[in-house]
Amino acid sequence: MNGFLKVASIFCLSFVLIGCIESTSNKKYELASSLSENREINEALQEDQEIVNFLAPYAKKIDQEMNQELSYTKKPMFKTDSKFNTAIGNLMADAVFKQIKPLAKEKFNIQLDAVLLNYGGIRSGISEGKITVKTAFDIMPFENKVVIVELSYKKMNELFEYLAKNEVAHPFAGIKLEINQLSDIKHQKVFSKELKEGETYFIATSDYLLKGGDQMNFFIDNENVFETNYKLRNLFIDYFKSKDEIVAEKDNRFVKVQR
């Protein structure tokens, strides 16, 4: 009996017990004493064949759906491949930009300027070969949704300062950042243009970062927030489906120069 079926069996038994308890009409009971025991889920745990047989078709269906092929890549990608930007980070940010840009225009009549996600949100790499639904669940197992945040000129400068000082390969798109050996900003651009005082910028990010996750506090004091209700994981699935082959590379969107 595999781990999934063991865990599922325990949950099913728990729900049965709860159902029995809830069906005892309106009688009131008081707890006189309790006894608990930790039970390790391992191969020694006896299986209930009736429950195993009941769950088997569902487990098979889940496996089939998770292993559905969406695309293909010739190159493995991991977030530890390089320091300032990575192929997998660029892939994720570019995917968000591609999927959210038309949605932003159609739903909110705004022009998306950039995307910023976080390095810690990349939970797995992508191996060479088939890209499946499971791949999307592996790299983004959370239920986070995409939001579009309107930031002021001041907050955009704070965003660039954050990226420069941290020197972490946070996934971003639509942004170009160049720093020197002291981590001072030499060039910062949004869509190849310098920031302009008095203007605001529309940045796609996650609802986790919107709340200041990963110390991205510049997202908190924003001008406006647009809720897309689009889960990042679903977005990646849709993006993978749209591509026969996934090609992503490290590039020069975030670099550290000698001079």
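No lab work stands behind these numbers, since they all come straight from the coordinates. Quick caveat, the model's predicted, so the values are computed rather than measured. Cβ atoms come from the backbone with ideal geometry, glycine included; neighbour counts cover every protein chain shown.
Some points to look at:
- Long pairs among Lys105/Lys241; Lys155/Lys250; Lys107/Lys145; Lys189/Lys250, criterion Cα-Cα beyond 20 Å: Lys105/Lys241; Lys155/Lys250
- Legend: P(r) of segment 85-239 from all alpha carbon pair distances, 10 Å bins from 0, whole percents, reading 11, 43, 35, 11, 1.
- Taking a ≥ b ≥ c as the square roots of the eigenvalues of the alpha-carbon gyration tensor, segment 199-259 is classed oblate because a/c is 1.5 or more while a/b is no larger than b/c.
- Binning the C-alpha pair distances of segment 168-241 at 10 Å intervals from 0 yields a P(r) profile of 14, 39, 38, 10, 0 %, listed from the shortest bin outward.
- Here the Karplus curve 6.51 cos²θ - 1.76 cosθ + 1.60, taken at θ = phi - 60°, turns the phi angles of segment 61-75 into couplings of 5, 4, 4, 5, 5, 5, 8, 4, 6, 10, 7, 8, 9, 8, 10 Hz, with x standing for Gly and Pro.
- Dimensionless Rg/Rh of segment 39-151 - Kirkwood Rh, Rg from C-alpha atoms: 1.11
- Two-decimal ratio, segment 114-202, of alpha-carbon radius of gyration to 2.2 N^0.38 Å: 1.29
- Charge dipole of segment 143-259 about the Cα centre (unit charges at C-beta), most positive-ward option of Phe240, Leu209, Leu182: Leu182
- Two-decimal log10 I(q)/I(0) for segment 71-114, as the Debye equation yields it once each C-alpha is a single scatterer, q = 0.18, 0.28, 0.29 Å⁻¹: -0.64, -0.94, -0.97
- Positive contributions from Lys and Arg (+1) and negative ones from Asp and Glu (-1), summed over other residues with Cβ under 13 Å from the Cβ of Asn180, come out at +1.
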